[in-house]
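Accompanying notes for the structure given below.
The values are calculated or read from the model by the stated rules, or taken from the named source; none is laboratory data. Not measured: the values here are computed from a predicted model. Cβ atoms come from the backbone with ideal geometry, glycine included; neighbour counts cover every protein chain shown.
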Amino acid sequence: MTRTPPPYVPGHGLLAGRSAVVTAAAGAGIGGATARRLLEEGARVVLSDAHARRLKESEAELAAEFGADRVSALPCDVTDEAQVAALLDFAEERHGRLDILVNNAGLGGTADLVDMTDAQWDKVLDVTLNGTFRCTRAALRRLKAAGSGGVVVNNASVVGWRAQKGQAHYAAAKAGVMALTRCAALEAAEYGVRVNAVSPSLAMHPHLAKVTTPELLEELTAREAFGRYAEPWEVANVIVFLASGYSSYLTGEVVSVSSQHP
C-alpha cells in the first residue's frame, strides 16, 4: 500500500483558448487547485469567492505566474442571484466568452439532526445546493444563447451517497447537487452543453483541517484504499477531464474521485 501522493501531472494544453469560471476558488482547496489546473491546461480563468481578501491574494499569485491577461477575479456570494449574474457577465466581458463553469462553492458543518436548527439547515442548503442551482441556471442561459456548447462541472461529495453522522444537511445538499446535475444535463444536451459532477471522498486542505477533528480525519483516512487522503489537485485533474474534449460523450454523470471502501 502506498501512502505517498503520485507526481504532479503537467499540463497538456487541453483547454487552450477556453474561458472558465470557478467559484470558491481562493485558497488551497479543490477550487484553488482547479483554477491552477485550468490555467496549466491553457484556459483563461475568472476566480470567484465570497472571501475578498483571500481572492485578491489568489488572483495576484496566479496572475504573476500565468499572466494578468489570463487571470481575473470577482467576489461573489452564490446565495445572491444578482452577484451570480454579475460574475458571469464579468467573465464574458473580460474574456469574450464563457465556456466552462466549475461550481465548487459549498458549506458544511456538523450537527446531529435532533440538535440542528432551521438556520443551520438553511445556510448549508442555500450555499451548497441553491448556490449551485443559481450558478448553473445563469451559465446555461448564457451558453444556450451563445449556441457554441460549453461545460458545467459541479462538486458533489461521497456523502451524497453514503451516510455520515452529523452531516444530514450537507449530505442532503450534495445529493441534491447530484440530482440537479442529471436533470440539467438532459435539458442542456438539447443545445450542446454538458453537465457533470465529481464526487470526492477526502481531499485534504487547510480549511478542512480547521473544521474537522483529528480523530474524524484519521477515521476517514483509514477508509481509503490507498491509506491516504487525496491531494486537491487530484480532484482537480478529474474536473479538467470533464471540462475537456476527452469527456465529449459524458453528460449527467457523477464521477467518484475516491479510493474509499465500505
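Things worth noting here:
- Hits in the stretch 153-181 (condition: of a type in the set (Lys, Arg) and within 16 Å of the chain's Cα centre (by Cα)): Lys174
- Close pairs (6 angstrom Cβ cut-off, 6 or more residues apart or separate chains): more than 14 Å from Leu202 (Cβ to Cβ) and at pLDDT 95 or above in the stretch 221-248, in a helix (DSSP H, G or I) and of a type outside the set (Gly, Ala, Ser) anywhere: Ala236/Thr34; Ala236/Arg37; Ile239/Thr34; Val240/Arg37; Ser247/Phe241
- Only one of Val151, Val177, Val193 that is farther than 18 Å from Phe241 by Cβ, touching a strand residue (DSSP E or B) at 6+ places or on another chain (Cβ under 6 Å) and of a type in the set (Val, Ile, Thr): Val177
- Enumeration of residues in the stretch 139-156 that are buried (at least 20 other Cβ atoms within 10 Å of the Cβ) and on the phi < 0 side of the Ramachandran plot: Ala139, Leu143, Val151, Val152, Val153, Asn154, Asn155, Ala156
- Test: Ala86 is outside any loop (DSSP other than H, G, I, E, B) and either under 25 Å from Thr132 (Cβ atoms) or touching a strand residue (DSSP E or B) at 6+ places or on another chain (Cβ under 8 Å) (or both): yes
- Ala188 being under 16 Å from the mean Cα position of the chain (by Cα), crowded, with 17+ Cβ neighbours inside 10 Å, of a type in the set (A, V, I, L, M, F, W, C) and assigned to a helix (DSSP H, G or I): no
- Flag for Ala86 being among the hydrophobic types (A, V, I, L, M, F, W, C), free of Cβ contacts under 8 Å to residues at least 40 places away in the same chain and touching a Cys at 6+ places or on another chain (Cβ under 8 Å): yes
- Considering the conditions (1) in contact (Cβ under 8 Å) with a residue 24 or more places away in the chain; (2) closer than 24 Å to Arg223 by Cβ; (3) among the aliphatic types (A, V, I, L, M), Ala184 is excluded by exactly one of them, (2).
- Qualifying residue in the stretch 58-79 (condition: of a type in the set (D, E, K, R), under 19 Å from Val152 (Cα atoms), surrounded by 14 or more Cβ atoms within 10 Å (Cβ to Cβ) and in contact (Cβ under 8 Å) with a residue 40 or more places away in the chain): no
- The residue that is nearest to Ala20 (Cα to Cα), counting only those in the stretch 109-141 that are in contact with a helix residue (DSSP H, G or I) (Cβ under 7 Å, 6 or more places away or on another chain) and outside any helix (DSSP H, G or I), is Gly109.
- Extreme residue, nearest to Leu242 (Cα to Cα), among residues of the stretch 7-20 that are out of contact with any Phe, Trp or Tyr (no Cβ under 9 Å at 6 or more places or on another chain) and in contact (Cβ under 8 Å) with a residue 60 or more places away in the chain: Leu15
- Qualifying residue in the stretch 143-152 (condition: more than 21 Å from the chain's Cα centre (by Cα) and among the β-branched types (Val, Ile, Thr)): no
- Options Arg53, Arg37; residue that is touching a residue at least 40 places away in the same chain (Cβ under 8 Å) and farther than 18 Å from Asp89 by Cα: Arg37
- Residues of the stretch 150-162 that are touching a helix residue (DSSP H, G or I) at 6+ places or on another chain (Cβ under 7 Å) and not hydroxyl-bearing (Ser, Thr, Tyr): Gly150, Val151, Val152, Val153, Asn154, Asn155, Ala156, Val159, Gly160.
- Close pairs from the stretch 143-172: first free of Cβ contacts under 8 Å to residues at least 24 places away in the same chain and more than 13 Å from Leu101 (Cβ to Cβ), partner part of a loop (DSSP other than H, G, I, E, B) and not aromatic (Phe, Trp, Tyr), Cβ under 6 Å, at least 6 apart: Val159/Gln167
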